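Just below is one structure, and these are the notes that go with it.
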Amino acid sequence: MPRLSTALLRHAYTIDPLLPLLLRPCRNLLAAQNELRWLREYVDMVARSRRMGHRKADRKSLLRQLARERASGKPLQYILGTEYFGDLEIRCRPGVLIPRQETAASITYLVRLIRNAQSLPPELRVLDLCTGTGCIPLLFHHEFCSARKDVALRVLGVDISEKATELAEDNLRQVQRRGDCLDQGEMGFMLADVLIDPFGDQTLKPPSVKAAFNFNRKPVFWDVLTSNPPYISPSAYWKTTTRSVRGFEPKLALVPPPAPGNCGIEQGDLFYPRILHIARDVEAKIVLLEVADMNQALRVAKMARELNIFDGVEIWRDQPDQIDDSSSAELQGFPVIGQGNGRSVLCWRGIGATWLGKGASRNNLNLIDDHRLFRSYWRSPFG
Ligand SMILES: C[S@@+](CC[C@H](N)C(=O)[O-])C[C@H]1O[C@@H](n2cnc3c(N)ncnc32)[C@H](O)[C@@H]1O
């Protein structure tokens, strides 16, 4: 990283003595000025809520303290306590990953495809694995319910981290307070370990997803499965993430645990086979999995194809909605949609093809009937 020139630091100081501190993480003057403005607004808000009144010295010292924290690399979102995710302002706290814009772009695009479908069931069930702040379920609900009032959404977010599920519950309450239409259906969060073998020891804490469904009396069949799991390999963690990410965001959210020996799976890919098996067991009709890049997208797309249950698998780039003639492509037999880096893998089967506007699939009619006839809340598909 190039050093900041003395001339730039001096110039920044003449504008505001706190700007040189913010130049360290921001690297350019405009970004540093923006951050200083946001920090000031935040201090004003805190002052109002703590009734610090007009004591200028208190405000000044709080602002200096926050600028120092920022200079140490602490993400702005942890200092301000929120980040925008689509139209939603999501609360952020150290210990839980900050939501990223690319994730919001994929989820928004997915919901916009699904909410146009004519043939949705009266209750659509959405399961989000590795939910973190709960940003994906909340945005899914917000985008869907702003356009469709005739379908109830039942949404469940799952995470291994208690800090994450508590923050997700907090975010849910916050969105409810702001008056988003969360009375349309049901939303909740649950502790479970996605990687635990569902046929293994059922007394482990956190339990497997299957055991957690049983304890919490949750449905076992879900229509849409989304997940942004930990997907960074240990070497990419050191090479591609910033110091700020490594120093302040939880490694649990970024790097999967080591893969068991001889399983033939790269450590960064560890979650995908497990999540695809859960998708099969819960009979998900649509699955959207976030990935790190195009190479991982291709590996995950192949895993999905090899599972032999999906009617279609495609890869989305960072902006899947940016579609023109030059952006529609195919890689190793998979359609690639949008602009930017490889970002997610979309799989569908049965009626899911119709919900995505992809036309009728070979099994559609049978699956609609199967789905309705055998959808039982308490019957486990795992056993
Ligand atoms: C990349 S973050 C994604 C968070 C959120 N979905 C988002 O998009 O911002 C991955 C999440 O997976 C959770 N996680 C890690 N290991 C897990 C496991 N074995 N089972 C369930 N969740 C896990 C982490 O706590 C973290 O919240």
Inset, instruction - Given the conditions (1) open to solvent by 40 Å² or more (accessible area, probe 1.4 Å); (2) in contact with a Lys or Arg (Cβ under 6 Å, 6 or more places away or on another chain), report the number of the one that Lys251 does not fulfil. - result: (2)
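Please determine whether any residue of the stretch 192-202 is among the polar types (S, T, N, Q), assigned by TED's automatic domain parsing to the domain that holds Ala292 and touching a residue at least 24 places away in the same chain (Cβ under 8 Å). If you could, list the steps in order and put the result at the bottom.
Applying the first criterion (among the polar types (S, T, N, Q)) to the stretch 192-202 yields 202.
Of the ones still in play, those that are also assigned by TED's automatic domain parsing to the domain that holds Ala292 are 202.
Those still in the list that are touching a residue at least 24 places away in the same chain (Cβ under 8 Å) too: none.
No, the stretch 192-202 has no match at all.
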Inset, instruction - Look at the stretch 8-42 and say how many of its residues are at pLDDT below 95 and in contact with an Asp or Glu (Cβ under 9 Å, 6 or more places away or on another chain). - result: 2
Inset, instruction - Answer with yes or no whether Phe221 is free of Cβ contacts under 8 Å to residues at least 40 places away in the same chain, within 17 Å of Leu156 (Cα to Cα) and away from the ligand (no atom under 11 Å from the Cβ). - result: no
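Please verify whether Asp223 is open to solvent by less than 60 Å² (accessible area, probe 1.4 Å), among the acidic types (Asp, Glu) and either on the phi > 0 side of the Ramachandran plot or in the same structural domain as Leu120 (by TED's automatic domain parsing) (or both), treating the condition exactly as stated. Talk me through it step by step, then tell me what you get.
Details: open to solvent by less than 60 Å² (accessible area, probe 1.4 Å): yes; among the acidic types (Asp, Glu): yes; either on the phi > 0 side of the Ramachandran plot or in the same structural domain as Leu120 (by TED's automatic domain parsing) (or both): yes.
Criteria met by Asp223.
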Inset, instruction - Looking only at the stretch 252-268, decide whether some residue is in contact (Cβ under 8 Å) with a residue 60 or more places away in the chain and of a type in the set (D, E, K, R). - result: no
Inset, instruction - Read through the list (1) assigned to a loop (DSSP other than H, G, I, E, B); (2) more than 15 Å from the ligand (Cβ to nearest atom), then give the number of the only condition that Asp197 fails. - result: (2)
Legend entry - Tally, over the stretch 43-74, of residues that are out of contact with any Ser or Thr (no Cβ under 6 Å at 6 or more places or on another chain) and over 18 Å from Asp16 (Cβ atoms): 14
Inset, instruction - Please find, within the stretch 207-220, the residue that is surrounded by the most Cβ atoms within 10 Å (Cβ to Cβ) out of those that are outside any helix (DSSP H, G or I) and in contact with a helix residue (DSSP H, G or I) (Cβ under 7 Å, 6 or more places away or on another chain). - result: Pro207
Legend entry - One residue from Glu290, Glu306 being within 18 Å of the chain's Cα centre (by Cα) and modelled with pLDDT of 95 or more: Glu290
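The values are calculated or read from the model by the stated rules, or taken from the named source; none is laboratory data. A quick note: this is a predicted structure, and the numbers were derived from the prediction, not measured. Cβ: placed from backbone, ideal geometry, glycine included. Neighbour counts: every protein chain shown. These area figures cover heavy atoms from the full protein model, side chains too; ligands, DNA and RNA do not enter into them. Shrake-Rupley method; radii C 1.70, N 1.55, O 1.52, S 1.80 Å.
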